[in-house]
Amino acid sequence: MKEKLSEEIMALRAAKEFQDGNIINLGAGIPNLCAMFIPEGRNIMFESENGALGYGGIIMVDEFEKVEIQHIDAGGRYFLPKEGMSFFDMGTSLDLMRGGRLDITCLGAYQVSAKGDLANWAIPGDISVGIGGGMDLVYGSKRVIVIMEHVTKNGEFKILNECTYPVTGKKCVSVLVTDIAVIEPTKEGLVLKEYAPGWTAEEIQKLTEPKLLLADDLKEIEL
Amino acid sequence: MKEKLSEEIMALRAAKEFQDGNIINLGAGIPNLCAMFIPEGRNIMFESENGALGYGGIIMVDEFEKVEIQHIDAGGRYFLPKEGMSFFDMGTSLDLMRGGRLDITCLGAYQVSAKGDLANWAIPGDISVGIGGGMDLVYGSKRVIVIMEHVTKNGEFKILNECTYPVTGKKCVSVLVTDIAVIEPTKEGLVLKEYAPGWTAEEIQKLTEPKLLLADDLKEIEL
Amino acid sequence: MNKVLPSFEEAIAGIPDGASIALNNWGLAGGPQNLILALRERGVKDLTVMTQNFMYTPFPEEVVVMPFMLLPQMRKLVAGFFAAASRYADTTNLPSEFIEKEKELEKEVIGHGNFTAVLRAAAGGMGPFYSPVGIGTTVEEGREKRNFDGKEYILFSPLQPDFAFVRADKADRYGNLTYNGTCRCLNPVLAMAAKTTIVEVDELVEPGEFSPEEIVTPAAFVDRIVVNEVGGRGSYEYTMKKLHELLSIPEVRGAIIGAAKKFVDDGEDN
Amino acid sequence: MNKVLPSFEEAIAGIPDGASIALNNWGLAGGPQNLILALRERGVKDLTVMTQNFMYTPFPEEVVVMPFMLLPQMRKLVAGFFAAASRYADTTNLPSEFIEKEKELEKEVIGHGNFTAVLRAAAGGMGPFYSPVGIGTTVEEGREKRNFDGKEYILFSPLQPDFAFVRADKADRYGNLTYNGTCRCLNPVLAMAAKTTIVEVDELVEPGEFSPEEIVTPAAFVDRIVVNEVGGRGSYEYTMKKLHELLSIPEVRGAIIGAAKKFVDDGEDN
């Protein structure tokens, strides 16, 4: 088996999409790592659904003394204050999200469909967990970047003709970064834009249910 | 013609309805005078639709030096600051009004109907002025106190079987204070509760289109 | 991330004919006076103006600039309250152009609550909503009515302005805003509702000078900022000074202090 | 006008069986811990609990008290996010009573945006509204859908809680409130939405100590206030101290700092 991209490298690739001045919401897990890889010279404001904007870095284990309980993000991580930061209520936060003021939402997924549908909140038949703010985020954000492994641990497709898991939003994915490829959902179908070093389009297609279209400028992922 | 109550006396009578701790919105004109007649020992918070609560007295002509342009009420009067005062946006203000947090709205009227409908914003056929916050106030307030002259300057009924002017709200008037009577709209009809000194129920009925019911405890207005 | 522009001309650049513009109007302060002046200067046409109170002002233009001044450039008005210039035509020297234009104007006057609510629905990216306010009144006309649990409601659709002209007290260059007193009014709602939010402020502070809790409008809702000249036209200081000059004239004083009466007949409560 | 009561018992007096109670839950702070404890102590039944996040907490009760603890007293849950206790049953010593109760519970889980919006509609005395969020998902099920201008929406009705348990930082006796950091979250929305708003604060200030601009929740929305004992259970200081005691244990530290991971599988983002 060829080498797949690490979580950090996937985050690094996704973060290349961040433009100067962007307001960005990072989901828990790999998306959160993107904060460590912001391209130089680009000022980003991070937004957290529980009502914070423009806060500083996430506190790491070796800085635990700095934890303040009133500085927590949506995923339960503690952050550092930063000049220009603001706090507001959840009504305002959801308005911000749904109302189109978020440039990018970056989140994980169980499945992505050929049309760009996203499934990331529930497993079929499992009613033990439910919804949160994902539906609002993917509805309102100008761009939705999904980061996930290309196939499940058992080798099953995660990129499918149709999602078999309950969807979070329809036709909402702007770009998909996996551990072997960068794929863009378009009206014509999924377009393979970039491949991980050493991988061919054929090999990626085998791990993808829908037919992949090849970008004119298909290339190796640049990092 | 017998003597009618002055504007100040009408305001004094209306202000007797104010209970300790009430949050009250006063309309322009006579209602505004009520602020001068708050019964002793009752703490009132005044609310202004443009986003102020708990402010102090209205600035009088001889105090004009105290005018601050950012301390203006909905009717265009300047007020003094007061401890416990707060400012908020108009969305919050309208929520407060519609959402049931106003104890009393006190306002003027062109007409009141037998069912307690209120007409106070427009003259038929005149499209030169329109609406404002009156409809929200009479919809949301727990009690709506109307203060007006009992008849027009030409002696026409202002208390009618049906309003002939465009209505502000249906069945919204809690109590009506006029220059000759205090009247309460009920399911059974308008109940005459109090009369101005020297006036009889018969005399008041003659100036009122709908049939007035007489309260069991009908009495002279106490001031 | 610096949203500060050097002039009002640059701040309103790109506003096309036919644009919708939302702005606050309640009292002398809290209105975007220099943005209005710049828009008049540029002469953009066929505007839809959205404001809670559209009304003639008896104050001279040197004291205060109000949305009313844009009348000759307007095609449509959406408002909570409207008082026609024609009402004052005989007592003022209002140009006849204003009176004529006002007659032709397409007007949608829906009361303060429904007006604020259509903006908030737009701010939140929401769909239409049912309001209980206006039932049994002229506001019903031409609108869907529906009964839920025995109670009647009127359907309103969100209205998103292309541009908001927002008047704040202070800003930092990221776009965080605070407001003074009743100047807050509709301004924070407008900032959230518009596609593009342009802000006129009296003072620029460094990021971090605001405590994160005191910020009323977070930076995400702000696109462009222009700072008024210290004490210059439209600034808080300037308007206070002009108003107190008028207040020092005994004959004018009473009219201003009892200003409400100018717009109030028997029953009216705006 | 003094809304301050001497005890949490008195603050929750009159809450009947079957009442609906709304409260904030996001992180260790910003939740009304002593109000929850008092309600548990009183043992009111058949409650409807409304909270944005209803989830099991791995923190011991001595550190933080969350809405989850009310489960045995609940009949219904309305939430934006829900993570079942049963998911953690094998790794914790959760009483089986909780697991059983949770299965029977009537649940309405509608996502954070729609959850916040049904509260805000209630706060504003508004009627039902159409939301664009949830189209094509399970949120549609059993709800009216409607197309406006080619776009689909789902109809939601306002939900007014009988009581809000609000956690603020400071209050004055009139009921003006301020909040710290992300503890603000849902609290101001709850205060506006409920029929009766009961507030737990760490500090009481004199009226006038707040500037009128810094007040987040105006007094009109507050009915009762109780002040936490200085440094006592549920206070900011107490919870900080307890958390940092846990953080000082190296084996626990990682789990807390990376707390999110406990509730996150591959894709989930609450």
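Read the figures in this text as sums done on the coordinates, not as results from a lab. Keep in mind that this is a model prediction, so the values were computed, not measured. In this analysis, Cβ positions are derived from the backbone assuming ideal geometry, glycine residues included, and neighbour counts consider all displayed protein chains.
Could you list all residues from segment A:172-204 that are assigned to a loop (DSSP other than H, G, I, E, B) and loosely packed, with under 15 Cβ neighbours inside 10 Å?
Filtering segment A:172-204 down to residues assigned to a loop (DSSP other than H, G, I, E, B) leaves A:172-174, A:178-180, A:187-188, A:196-200.
Matches in segment A:172-204: A:Lys187, A:Glu188, A:Pro197, A:Gly198, A:Thr200.
Which condition number in (1) assigned to a helix (DSSP H, G or I); (2) crowded, with 24+ Cβ neighbours inside 10 Å is the one that D:Glu97 fails?
The number of the failed condition is (2).
Among A:Gly100, A:Gly75, A:Gly84, A:Gly51, which is the only one that is touching a helix residue (DSSP H, G or I) at 6+ places or on another chain (Cβ under 7 Å) and surrounded by fewer than 24 Cβ atoms within 10 Å (Cβ to Cβ)?
Working: A:Gly75 fails: surrounded by fewer than 24 Cβ atoms within 10 Å (Cβ to Cβ); A:Gly84 fails: surrounded by fewer than 24 Cβ atoms within 10 Å (Cβ to Cβ); A:Gly51 fails: surrounded by fewer than 24 Cβ atoms within 10 Å (Cβ to Cβ).
On inspection, the qualifying residue turns out to be A:Gly100.
If I filter segment B:97-119 down to residues being facing chain C (nearest Cβ under 10 Å) and assigned to a loop (DSSP other than H, G, I, E, B), which single residue comes out as nearest to D:Gly125 (Cα to Cα)?
Only one residue fits best here, namely B:Asp117.
Considering only residues of segment A:60-96 that are assigned to a helix (DSSP H, G or I) and more than 7 Å from every other protein chain (Cβ to nearest Cβ), which is farthest from D:Arg253 (Cα to Cα)? Steps first, please.
Let us first name the residues in segment A:60-96 that are assigned to a helix (DSSP H, G or I), namely A:61-66, A:90-96.
Among the residues that remain, those that are also more than 7 Å from every other protein chain (Cβ to nearest Cβ) are: A:62-63, A:65-66, A:92-93.
Numbers: A:Asp62: 9, A:Glu63: 10, A:Glu65: 11, A:Lys66: 13, A:Thr92: 32, A:Ser93: 29 Å.
The selected residue is A:Thr92.
If the Cβ limit is 6 Å and pairs must be 6+ apart or interchain, which residue in segment D:95-115 that is free of Cβ contacts under 8 Å to residues at least 40 places away in the same chain pairs with which residue that is among the acidic types (Asp, Glu)?
D:Gly113/A:Asp136
Could you run through segment B:120-139 and say how many residues are crowded, with 24+ Cβ neighbours inside 10 Å, touching a Pro at 6+ places or on another chain (Cβ under 8 Å) and within 10 Å of B:Pro166 (Cα to Cα)?
Here the count works out to 1.
Do we find that C:Thr51 is away from chain D (no Cβ under 14 Å), in contact with a helix residue (DSSP H, G or I) (Cβ under 7 Å, 6 or more places away or on another chain) and surrounded by 24 or more Cβ atoms within 10 Å (Cβ to Cβ) in this structure? Steps first, please.
Numbers: away from chain D (no Cβ under 14 Å): yes; in contact with a helix residue (DSSP H, G or I) (Cβ under 7 Å, 6 or more places away or on another chain): yes; surrounded by 24 or more Cβ atoms within 10 Å (Cβ to Cβ): yes.
Considered against the rule, which asks whether it is away from chain D (no Cβ under 14 Å), in contact with a helix residue (DSSP H, G or I) (Cβ under 7 Å, 6 or more places away or on another chain) and surrounded by 24 or more Cβ atoms within 10 Å (Cβ to Cβ), C:Thr51 comes out as yes.
Give just the number: which of (1) under 29 Å from A:Pro81 (Cβ atoms); (2) out of contact with any strand residue (DSSP E or B) (no Cβ under 7 Å at 6 or more places or on another chain); (3) crowded, with 23+ Cβ neighbours inside 10 Å does C:Arg120 not satisfy?
(1)
Out of (1) in contact with a helix residue (DSSP H, G or I) (Cβ under 6 Å, 6 or more places away or on another chain); (2) part of a strand (DSSP E or B), what's the single condition that is false for D:Gly113?
Of everything listed in (1) in contact with a helix residue (DSSP H, G or I) (Cβ under 6 Å, 6 or more places away or on another chain); (2) part of a strand (DSSP E or B), D:Gly113 misses just condition (2).
Taking C:Val49 as the residue in question, decide whether it is among the aliphatic types (A, V, I, L, M), under 15 Å from the mean Cα position of the chain (by Cα) and part of a strand (DSSP E or B). First the steps, then the outcome.
Details: among the aliphatic types (A, V, I, L, M): yes; under 15 Å from the mean Cα position of the chain (by Cα): yes; part of a strand (DSSP E or B): yes.
Judged against the criteria, C:Val49 is a match.
Filter segment D:176-228 down to the residues that are without any contact (Cβ under 8 Å) to a residue 60 or more places away in the chain, within 13 Å of chain B (Cβ to nearest Cβ) and assigned to a strand (DSSP E or B) and list them by number.
D:Leu177, D:Thr178, D:Thr196, D:Thr197, D:Val205, D:Thr217
Looking only at residues in segment C:229-241 that are surrounded by 20 or more Cβ atoms within 10 Å (Cβ to Cβ) and at the interface with another protein chain (Cβ under 8 Å from one of its Cβ atoms), which one is farthest from A:Asn50 (Cα to Cα)?
Start the filter on segment C:229-241 by keeping residues that are surrounded by 20 or more Cβ atoms within 10 Å (Cβ to Cβ), which leaves C:234-236, C:238-239.
Next cut, at the interface with another protein chain (Cβ under 8 Å from one of its Cβ atoms) only: C:236, C:239.
Numbers: C:Tyr236: 35, C:Thr239: 39 Å.
In this case the residue turns out to be C:Thr239.
I'd like the residue in segment C:126-158 that is part of a loop (DSSP other than H, G, I, E, B) and under 24 Å from the mean Cα position of the chain (by Cα) and, out of all such residues, is nearest to the other protein chains (Cβ to nearest Cβ). Can you show your working first?
The first filter runs over segment C:126-158 and keeps only residues part of a loop (DSSP other than H, G, I, E, B), leaving C:126-128, C:132-137, C:141-144, C:149-150, C:157-158.
With under 24 Å from the mean Cα position of the chain (by Cα) added as a condition, the list becomes C:126-128, C:133-134, C:157-158.
Working: C:Met126: 6, C:Gly127: 3, C:Pro128: 5, C:Val133: 5, C:Gly134: 6, C:Ser157: 7, C:Pro158: 10 Å.
Applying the filter and picking the extreme gives C:Gly127.
For segment A:120-140, what are the residues that are outside any loop (DSSP other than H, G, I, E, B) and either more than 12 Å from the chain's Cα centre (by Cα) or facing another protein chain (nearest Cβ under 7 Å) (or both)? Write out each step before concluding.
We begin by selecting, within segment A:120-140, every residue outside any loop (DSSP other than H, G, I, E, B); these are A:129-131, A:134-140.
Those that are outside any loop (DSSP other than H, G, I, E, B) and either more than 12 Å from the chain's Cα centre (by Cα) or facing another protein chain (nearest Cβ under 7 Å) (or both): A:Val129, A:Gly130, A:Ile131, A:Gly134, A:Met135, A:Asp136, A:Tyr139, A:Gly140.
Scan segment D:39-51 and give yes if some residue there is out of contact with any Leu (no Cβ under 8 Å at 6 or more places or on another chain), within 18 Å of D:Asn187 (Cβ to Cβ), touching a residue at least 12 places away in the same chain (Cβ under 8 Å) and of a type in the set (D, E, K, R), otherwise no. Give the steps one after another, and end with the answer.
Residues of segment D:39-51 that are out of contact with any Leu (no Cβ under 8 Å at 6 or more places or on another chain), as a first pass: D:41-46.
This time we only want the ones that are within 18 Å of D:Asn187 (Cβ to Cβ), so: none.
Scanning segment D:39-51 turns up no residue that is out of contact with any Leu (no Cβ under 8 Å at 6 or more places or on another chain), within 18 Å of D:Asn187 (Cβ to Cβ), touching a residue at least 12 places away in the same chain (Cβ under 8 Å) and of a type in the set (D, E, K, R).
For segment A:33-59, which residues satisfy the criterion of being more than 14 Å from chain C (Cβ to nearest Cβ) and not in a helix (DSSP H, G or I)?
A:Pro39, A:Glu40, A:Gly57, A:Ile58, A:Ile59
Residues C:Asn25, C:Asn34: which one is outside any strand (DSSP E or B), touching an Asp or Glu at 6+ places or on another chain (Cβ under 6 Å) and not basic (Lys, Arg)?
That would be C:Asn34, the only listed residue that is outside any strand (DSSP E or B), touching an Asp or Glu at 6+ places or on another chain (Cβ under 6 Å) and not basic (Lys, Arg).
Quick one: which residue in C:Arg75, C:Arg87, C:Arg120 is outside any loop (DSSP other than H, G, I, E, B) and within 17 Å of B:Asp126 (Cα to Cα)?
Within the list C:Arg75, C:Arg87, C:Arg120, the selection yields C:Arg87.
Here is a list: B:Phe46, B:Phe37. Which entry is out of contact with any Pro (no Cβ under 6 Å at 6 or more places or on another chain), surrounded by 24 or more Cβ atoms within 10 Å (Cβ to Cβ), on the phi < 0 side of the Ramachandran plot and among the aromatic types (Phe, Trp, Tyr)? First the steps, then the outcome.
Working: B:Phe37 fails: surrounded by 24 or more Cβ atoms within 10 Å (Cβ to Cβ).
Sole residue among the options that is out of contact with any Pro (no Cβ under 6 Å at 6 or more places or on another chain), surrounded by 24 or more Cβ atoms within 10 Å (Cβ to Cβ), on the phi < 0 side of the Ramachandran plot and among the aromatic types (Phe, Trp, Tyr): B:Phe46.
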